[in-house]
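The values are calculated or read from the model by the stated rules, or taken from the named source; none is laboratory data. What you are looking at is a predicted structure, and each value in this text was computed from that prediction instead of being measured. As a convention, Cβ positions derive from the backbone with ideal geometry for all residues, glycine included, and neighbour counts pool all protein chains shown.
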Amino acid sequence: MNQLKNIFGLLGLAIFLSQCSACKEPNGPDSNTKSNYIIHWITQYQNQDLIQGQTYRDAFQRRVLFEDLRGYISQVELIDNQDSSIVLKDIALVNWFADPTISIEGRPATIKAIRFSLGVPAQLNTNVDPTTYANSHPLSVAGSAGLFWTWNTGYIFYQLNGKCELTGSENLPMIDPIAYHCGDDTLYRTITLNVPEVTVAAGGAQQFNILFDAQKCFWNDTDTMDFAVDYLTHTTGNLPLAIRAMDLYQSAFSIP
Amino acid sequence: MKAGLFLGLFILMASCSFQESNCNCDNRSAKIRTYGILKQPAIPADNPMNFCAIELGRKLFYDTRLSQDGSTSCGSCHQLSMAFTDGQSVAKGAHQKQGNRNSPTLFNLAWSPYFMMEGGVKSLEMQSLAPLLSAHEMMGSAQSLPTTILEDPCYDQMSQTAFHRPLDYFVVVRALAQFQRSLVSLDSHFDRVMYHKTESFTPAEQRGWKIFNSSTAKCSTCHIPPLFTDFQFYDIGLKDTLDLGKERESYHSSDRFKFKTPTLRNIELTPPYFHNGMVDRLDSVIALYNRGGDANRAQKSHSIRPMNWTEEEKKDLLAFLMTLTDWNAVQNERWLPLSE
């Protein structure tokens with residue numbers, strides 16, 4: 001009987017100690033309370049809303065439209081003032097016409113930057129089998145929605161399909177195709193955007209906006225796509241154009 | 001009256017039993033028949049061979065419902081009587097949409113280290129996904145398998161037996177891979193001469209075999225028996241086409257117009273030849289090699305050069321190539337569609 005009492009006594013002490021140990025974690029009493037973080041991509045073409053099928057102008061003032069503008073983003077994380085990260089999303093397939101938003105709970109922190117990558121990390125992109133993922137997963141057969149290259153087992157990191165009118169006519173239909181299908185481990189890009197430091201308390205919420213200016217997919221300060229020649233890459237066959245397309249795509253993200 | 005009732009009952013029972021036999025399948029593990037010529041191939045750990053999965057793969061292989069317009073199955077472009085090719089220059093898929101490559105044979109894929117003519121796909125399971133979703137082939141929906149297939153109780157039963165899960169793309173690609181792994185062709189006249197010593201070459205075949213192995217022709221350098229391929233990639237001097245070949249996968253311009261060495265087994269049954277079916281006849285293929293190809297490029301294989309074979313030598317080479325036909329394989333009923 002006494003032995004049984006001793007066992008229960010020790011068990012009780014162990015539970016008490018384990019609870020106290022949790023109370024003494026460095027972050028204090030708020031450590032189990034989460035903050036809500038929202039990252040919202042505002043998608044535009046110059047200063048206009050980005051709309052599928054709408055007419056815009058390229059660098060040479062020729063008419064151009066987007067039919068498809070999607071891509072994988074991965075390792076979406078917030079960087080705090082201690083240079084630690086809060087991972088919000090490991091991978092997502094984003095339709096840029098849909099003003100994408102990621103909302104998730106994380107530990108309270110003082111945030112100074114947002115980091116995310118364009119594409120699928122190499123370990124998820126080499127010798128992959130999309131049939132092993134649940135349908136809801138962005139890397140599954142269904143979830144990848146055509147951004148999986150079945151002939152070469154890998155994902156399309158960034159897909160832009162569109163049309164333009166190369167003669168400069170305002171009346172002729174836009175029939176000249178543009179297709180940038182970029183995907184290869186060497187095209188994986190990471191973007192870090194600094195934000196004004198903000199402290200997010202436990203139970204608090206903070207939204208961070210990122211501007212995606214699709215115009216920069218076509219030209220920026222260092223490069224300009226001329227659709228008369230720069231209109232088609234499936235990465236293979238025209239890797240230099242895929243690299244340029246990916247560089248321009250990367251430059252389209254900024255803090256507004 | 002009584003006789004009619006009995007007859008009706010008999011027909012009903014017979015049809016039930018027939019349907020059951022199509023859905024019930026044997027989930028014991030299976031091995032690939034190697035005819036004592038090759039070792040058992042490496043099988044992916046997540047797709048061990050079993051008889052039920054092979055039968056499920058066979059059923060799927062011939063099911064046109066997997067294509068967008070219900071017109072095309074794997075078996076449309078890979079027909080047993082033509083050693084799983086289709087006799088077309090380039091394949092036609094759903095909605096009669098034309099592809100840009102010749103349908104390759106499916107025999108002996110169990111020993112292939114990679115797939116597609118540029119070798120970009122590393123497993124037979126993933127290769128099976130390609131035609132299902134390709135816009136030039138079956139144009140299946142990546143979103144889901146067709147409802148008629150998902151709701152087919154027979155598929156569900158076979159899938160549960162073979163893979164312990166409902167039918168989905170995971171099951172479909174694995175079952176198709178298992179069926180294709182089971183397609184072995186190692187029972188030709190050549191095999192009976194070389195490996196089993198039960199037959200002999202004719203004099204013409206013997207001379208052709210000698211040319212095939214000669215230090216000048218060097219055919220066997222790339223077409224290495226018993227699979228008659230080295231799985232490497234070469235530019236053999238075909239006329240330029242839009243198809244970049246291996247460069248498409250490697251990005252290296254030095255790989256332009258290089259394609260994987262195809263097997264020569266059953267070559268007699270698989271015209272037209274080359275990656276885009278540009279040559280109709282086997283004697284024309286030999287003539288092309290004899291003149292050293294039709295194009296000279298920096299990356300062209302050094303083995304491809306004028307051979308100066310006589311007419312007799314060309315005939316001998318042809319006679320040898322005919323020994324690689326496996327008539328038993330191309331008439332094997334186990335690889336025909338399941339009877340309904």
All but one of (1) under 30 Å from B:P113 (Cβ atoms); (2) within 14 Å of chain B (Cβ to nearest Cβ) hold for A:P121; state the number of the condition that does not hold. (2)
Limited to region B:261-278, what total is found for residues that are under 18 Å from B:F228 (Cβ atoms) and either touching a Gly at 6+ places or on another chain (Cβ under 9 Å) or of a type outside the set (D, E, K, R) (or both)? 12
Considering A:D221, A:D185, which residue is in contact with a helix residue (DSSP H, G or I) (Cβ under 8 Å, 6 or more places away or on another chain) and of a type in the set (D, E)? A:D185
Answer residue from region B:150-164, given it is part of a loop (DSSP other than H, G, I, E, B) and modelled with pLDDT under 95 and is nearest to the other protein chains (Cβ to nearest Cβ) among those: B:E151
Among the residues of region A:189-242, which ones are surrounded by 15 or more Cβ atoms within 10 Å (Cβ to Cβ), part of a loop (DSSP other than H, G, I, E, B) and more than 14 Å from every other protein chain (Cβ to nearest Cβ)? A:A202, A:F218, A:N220, A:D223, A:M225, A:F227, A:D230, A:Y231
Does B:A53 qualify as being modelled with pLDDT of 90 or more, part of a loop (DSSP other than H, G, I, E, B) and closer than 28 Å to B:N328 by Cα? no
Suppose we filter region A:127-172 for residues that are assigned to a loop (DSSP other than H, G, I, E, B), within 10 Å of chain B (Cβ to nearest Cβ), in contact with a Lys or Arg (Cβ under 9 Å, 6 or more places away or on another chain) and β-branched (V, I, T); how many remain? 1
Region B:105-116 - residue that is in contact with a strand residue (DSSP E or B) (Cβ under 7 Å, 6 or more places away or on another chain) and part of a loop (DSSP other than H, G, I, E, B) and, of those, nearest to B:S81 (Cα to Cα): B:T105
Flag if A:A59 is in contact (Cβ under 8 Å) with a residue 12 or more places away in the chain, more than 14 Å from chain B (Cβ to nearest Cβ) and part of a loop (DSSP other than H, G, I, E, B): yes
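Answer yes or no: is there a residue in region B:184-201 that is at pLDDT 95 or above, within 14 Å of chain A (Cβ to nearest Cβ) and in a helix (DSSP H, G or I).
The first filter runs over region B:184-201 and keeps only residues at pLDDT 95 or above, leaving B:184-201.
The next check asks that each one be within 14 Å of chain A (Cβ to nearest Cβ); those that pass are none.
No.
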Take B:F170 and decide whether it is buried (at least 20 other Cβ atoms within 10 Å of the Cβ) and under 23 Å from A:G146 (Cβ atoms). yes
Helices (runs of 4 or more DSSP H) contained entirely in region B:216-315, each with at least 3 residues that are in contact with a helix residue (DSSP H, G or I) (Cβ under 8 Å, 6 or more places away or on another chain), away from chain A (no Cβ under 14 Å) and at pLDDT 95 or above: B:282-290
Within region A:173-183, can you find the residues that are small (G, A, S) and either out of contact with any strand residue (DSSP E or B) (no Cβ under 8 Å at 6 or more places or on another chain) or outside any strand (DSSP E or B) (or both)? A:G183
Test result for B:G119, part of a loop (DSSP other than H, G, I, E, B) and either modelled with pLDDT of 85 or more or away from chain A (no Cβ under 12 Å) (or both): yes
Of all residues in region B:135-151, count the ones that are among the acidic types (D, E) and surrounded by 19 or more Cβ atoms within 10 Å (Cβ to Cβ). 1
Assess whether B:F179 counts as being outside any helix (DSSP H, G or I), buried (at least 17 other Cβ atoms within 10 Å of the Cβ), away from chain A (no Cβ under 14 Å) and modelled with pLDDT of 95 or more. no
Evaluate the following for A:F253: is it buried (at least 19 other Cβ atoms within 10 Å of the Cβ), closer than 30 Å to B:L244 by Cβ and in contact (Cβ under 8 Å) with a residue 40 or more places away in the chain? no
Search region B:132-149 for residues that are facing another protein chain (nearest Cβ under 10 Å) and closer than 16 Å to B:F61 by Cβ and pair each with any residue that is of a type in the set (D, E) and part of a loop (DSSP other than H, G, I, E, B) when their beta-carbon atoms are under 9 Å apart and the residues are at least 6 apart or on different chains. B:L145/B:D168
What is the number of the single condition among (1) closer than 27 Å to B:T34 by Cα; (2) in a loop (DSSP other than H, G, I, E, B) that B:R174 does not meet? (2)
Failed condition for A:L172, given (1) at pLDDT 95 or above; (2) of a type outside the set (G, A, S); (3) surrounded by fewer than 20 Cβ atoms within 10 Å (Cβ to Cβ); (4) over 17 Å from the mean Cα position of the chain (by Cα), with all others met? (1)
Give B:A217, B:A295 a once-over and let me know the one that is surrounded by fewer than 20 Cβ atoms within 10 Å (Cβ to Cβ), without any contact (Cβ under 8 Å) to a residue 60 or more places away in the chain and of a type in the set (A, V, I, L, M). B:A295
The correct count of residues that are part of a helix (DSSP H, G or I) and among the polar types (S, T, N, Q) in region B:127-148 is 4
Out of B:C222, B:C154, sole residue that is outside the structural domain of B:A30 (by TED's automatic domain parsing) and on the phi < 0 side of the Ramachandran plot: B:C222
